[in-house]
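Here the structure is laid out as C-alpha cells; the discussion comes afterwards.
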Amino acid sequence: MSENALYTDLSIYYDLMCVDINYQAQSDCVRRIHQIFGNQGTRYLDIACGTGPHIQHFLNYGYQSQGIDLNQPMLDQAKVRCPEASFTLQNMCTFEIDQPVDLITCFLYSIHYSGDIEPLKNCIAAVAQALQKGGVFCFNAVDKRLIDNTLSTAHFTYHSGSRFDFRSGWHYEGSGSTQTLQLSIQKTTGEQIEYWQDQHPMVAISFAELTTLLEPAFDVTILEHDYDSLQPWNEISGNALFVCVKR
Ligand SMILES: C[S@@+](CC[C@H](N)C(=O)[O-])C[C@H]1O[C@@H](n2cnc3c(N)ncnc32)[C@H](O)[C@@H]1O
C-alpha cells in the first residue's frame, strides 16, 4: 500500500474502517464544546474531513458547513454524503477560505498528518487566519511521550460477501518530531485473501509543545478524550481533546 492508498485507491474501504467510531457522539460533544466555549456563530469547517462524517452531523445541527481534504477520492465520497456542504481540495497546512468561520475541527488525530513541526505551525496559523475572533478550533491529538508501540486496535466487519480486518497503531522511535501510524487491511472473500499494509508519516509532539505552538493565537483548554463527559485532561492520558479559542 503506498503512503496514501487508504485515502485514494482504498478509499472505498475507509468508512468500513471507521464503522466502530461513534461520529454522532463525537459531533454532539464538539457541538456542546462550541456552545460552551464559542461565539455562538454557526459557520463550520472540518479540515482533513475525509468522507465527511462530522460535516453530516453539523449540517443536521444547522451549521453552514464546509470541508477540506488533501485527497479527492475522500472528498468525492464526502460530497455524496453531504450534498449541501462545500468541499475543496486543499492541504491543511496551507489552506485558505473565503470567509472566516466560527468553528474548525480536525478529527481522528488528523492534525498529525501535517507531518512535522514546521508544517504543523503553518496549519495552526492557517486555522487562526480562518477563524473569527472567539471562534473555536477543536481537535484530538496523541502525546508522543505516551505512545506505547506495542499497542494496536483491531476490528472486523463484513461487507458485500467479504470479511474486512483492520488494525492500526502508533509507532514512535522515542526521539525526534516524527512518528508513524501503522495500518493494515485484510479482505477475505471465500478462499481469496488480499492484504495491504501502510505506514503514514505523522508529526510527533508532546501536549506541552503543542500548547506552546497554539498559545500565541489561542486560549487553550485540554480535555480528557471522553465524548460523554467534559473533564480536564488528567496529564496522564496519551490522548486528549484540544479546545482552542481564538483571541
Ligand atoms: C484518518 S482520516 C480522518 C478523516 C475524518 N476527519 C474522520 O474523522 O473520519 C485522515 C484524512 O486526512 C486527510 N489528509 C491527510 N493529510 C492531509 C493534509 N496535509 N491536508 C488535508 N487533509 C489531509 C486524508 O486524505 C484523510 O481523508
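Based on DSSP H segments of at least four residues, each scored -39500 (n - 2.57), the chain has a per-residue ellipticity at 222 nm of -7000 deg cm²/dmol.
What is the helix-to-structure angle for 72-81, meaning the angle in degrees between its Cα long axis and the longest Cα principal axis of the chain, kept from 0 to 90 and rounded to the nearest 10? That helix lies at roughly 80 degrees to the long axis. When Rg and Dmax are taken over the Cα atoms of the chain, they come to 17.6, 58 Å. Projected label points at Ser229 and Trp196, each 7 Å from Cα along the beta carbon direction, are separated by 4.0 nanometres.
Solvent-accessible surface of the chain, averaged per residue with a 1.4 angstrom probe and all protein chains in place: 47 square angstrom.
Per-atom-type breakdown for the chain gives carbon and sulfur 48% of the accessible area (1.4 Å probe, protein chains only). In a reduced charge model with +1 at each Lys and Arg Cβ and -1 at each Asp and Glu Cβ, the range 88-247 shows a dipole moment near 120 debye about its Cα centre. Using a Gaussian network model of the chain with C-alpha springs under 10 Å, which one of Ser177, Ser162, Ser27 is most mobile by mean-square fluctuation? Checking each option, the largest mean-square fluctuation is seen for Ser162. Note on the range 1-75: Cα-Cα pairs beyond 16 Å make up 54% of the total pair count. Full extension of the chain between Ile236 and Asp9 gives 78.0 nm of extra length, using 0.36 nm per residue less the Cα-Cα distance. Based on alpha carbons, the Rg and Dmax found for the range 145-203 are 14.2, 44 Å.
Debye-formula intensities of the range 112-247, expressed as log10 I(q)/I(0) at q = 0.12, 0.17, 0.19 Å⁻¹, are -0.59, -0.97, -1.10 (one equal scatterer per alpha-carbon, no solvent).
Across the range 145-203, Cα pairs under 8 Å and at least six residues apart give a relative contact order of 27 percent. Rounded to the nearest 10 degrees, the inclination of helix 23-37 to the longest alpha-carbon principal axis of the chain is 10 degrees.
Any idea what angle helix 117-130 forms with the longest principal axis of the chain, computed on alpha-carbon atoms, 0 to 90 degrees, nearest 10? With both axes taken from Cα atoms, the answer is about 60 degrees. Equivalent ellipsoid of the range 66-126: semi-axes from √(5λ) of the C-alpha gyration tensor, largest first, are 21, 14, 10 Å.
The values are calculated or read from the model by the stated rules, or taken from the named source; none is laboratory data. Predicted, not measured: the structure shown is a model, and the values here were computed from it. Counting neighbours? That spans all protein chains shown, and the Cβs are built from the backbone with ideal geometry, glycine included. Please note that ligands, DNA and RNA were not included when accessible areas were found on the heavy atoms of the full protein model with its side chains. Shrake-Rupley method; radii C 1.70, N 1.55, O 1.52, S 1.80 Å.
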